[in-house]
1. Collect the residues in the stretch 49-99 that are of a type in the set (G, A, S) and farther than 17 Å from I34 by Cα, keeping them in residue-number order.
2. Could you please let me know if F44 is at pLDDT below 95, part of a strand (DSSP E or B) and closer than 30 Å to L205 by Cβ?
3. Of all residues in the stretch 203-256, count the ones that are in contact with a Phe, Trp or Tyr (Cβ under 8 Å, 6 or more places away or on another chain) and aliphatic (A, V, I, L, M).
4. Any chance you could count how many residues in the stretch 110-159 are modelled with pLDDT of 75 or more and not in a loop (DSSP other than H, G, I, E, B)?
5. May I ask you to verify whether S30 is surrounded by 13 or more Cβ atoms within 10 Å (Cβ to Cβ) and within 11 Å of ligand 1 (Cβ to nearest atom)?
6. Across the stretch 3-39, what is the number of residues that are touching a Ser or Thr at 6+ places or on another chain (Cβ under 7 Å), near ligand 2 (Cβ under 10 Å from one of its atoms) and of a type outside the set (A, V, I, L, M, F, W, C)?
7. Consider only pairs whose beta carbons are under 6 Å apart and that are at least six residues apart or on different chains; among these, list those whose first residue lies in the stretch 9-26 and is within 17 Å of A89 (Cβ to Cβ) and whose second residue is near ligand 2 (Cβ under 9 Å from one of its atoms) and among the charged types (D, E, K, R).
8. Can you name every one of the helices (runs of 4 or more DSSP H) wholly within the stretch 180-256 that holds 2 or more residues which are more than 25 Å from L48 (Cα to Cα) and of a type in the set (D, E)?
Amino acid sequence: MRVAFVGKGGAGKSAIAGTFARLLARQGHSVLAIDSDPLPGMAFSLGLDRDDAPLPDEAIEDRPDGEEGPRYRLQAGLSAAEAVERYAATAPDGVRFLQFGKIRTDPRALFRSQLAFRQIIRELPPEQWDLVGDLPGGTRQPFTGWGVYAETYLVVVEPMAKSLLSARRLARLASAADTPVRVVAVANKVVEPDDAERVASRSGLEVVASVPFDRSFAEAERAGKAPLDVVPESEAVRAVACLVERLTHERTGVTS
Ligand SMILES: Nc1ncnc2c1ncn2[C@@H]1O[C@H](COP(=O)(O)OP(=O)(O)OP(=O)(O)O)[C@@H](O)[C@H]1O
Ligand SMILES: [Mg+2]
């Protein structure tokens, strides 16, 4: 499975993506969690205490003159799968975590790391790895390169006017993308019984999960801890578990 969480800033992408990645790994999948947000996010909801895991310089080389392609690439002889084994951080439940580097990193090193990071995602064998991405907030990045690996975009939407509007725009951008992708919504911080329905009708997207507003979930996050470690029985974590179940079931036709 290759999914990317998108949506307006603060909608809950990182919190849900980190929890989703670990629950998927618990079902026996090899999961690579991909954080392409230059600000901190997914690492904490995965339960890592560091927020960056860029590729080291030794993994990257200049592309030889005359050869087509981006300026930097993985070292010759280093496959995408080996780069993940060697350099991706290991989060709880065996989730591997890659981050292209935070903005405090030197810009040239960041650029090198980003190109190699994209190469890894492009070349990692899809039959061996499930990808769970956390994209930066907003409407621009998902369809301009950063989310190209995704087969399914999960738009995280709060049932509030601005978030609903963003979801609608994302839905339109997705339908205009070159490659056909599936775009669905995750209603988050749901309070009222008709919130999920509002998300569906206002965004025009199918709502595949409805995650309640859950104070304990937010408190775990505020403390910089993974909700799955602190409040595994919370309503919000359960709702994410249902989402994992649903998407896995849709792929295989078998419930785990
Ligand atoms: N279901 C929920 N119930 C309560 N609080 C939630 C829920 N989901 C997320 N939150 C809280 O909302 C805040 C924003 O969540 P998060 O950081 O995951 O959003 P984001 O979409 O990744 O934001 P950004 O665009 O800044 O990266 C966090 O404090 C998080 O704990
Ligand atoms: Mg985030």
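The values are calculated or read from the model by the stated rules, or taken from the named source; none is laboratory data. If you're wondering where the values come from, they're calculated on a predicted model, not measured in any experiment. Quick reminder, even Gly has a Cβ in these numbers, built from the backbone with ideal geometry, and neighbours come from all protein chains shown.
1. The answer is A59, G66, G69, A76, G77, S79.
2. No, not satisfied.
3. 7
4. Residues in the stretch 110-159 being modelled with pLDDT of 75 or more and not in a loop (DSSP other than H, G, I, E, B): 25 in total.
5. Considered against the rule, which asks whether it is surrounded by 13 or more Cβ atoms within 10 Å (Cβ to Cβ) and within 11 Å of ligand 1 (Cβ to nearest atom), S30 comes out as no.
6. 3
7. Sorted first by the residue in the stretch 9-26, then by its partner, the pairs are S14/D134; A17/D134.
8. 195-203
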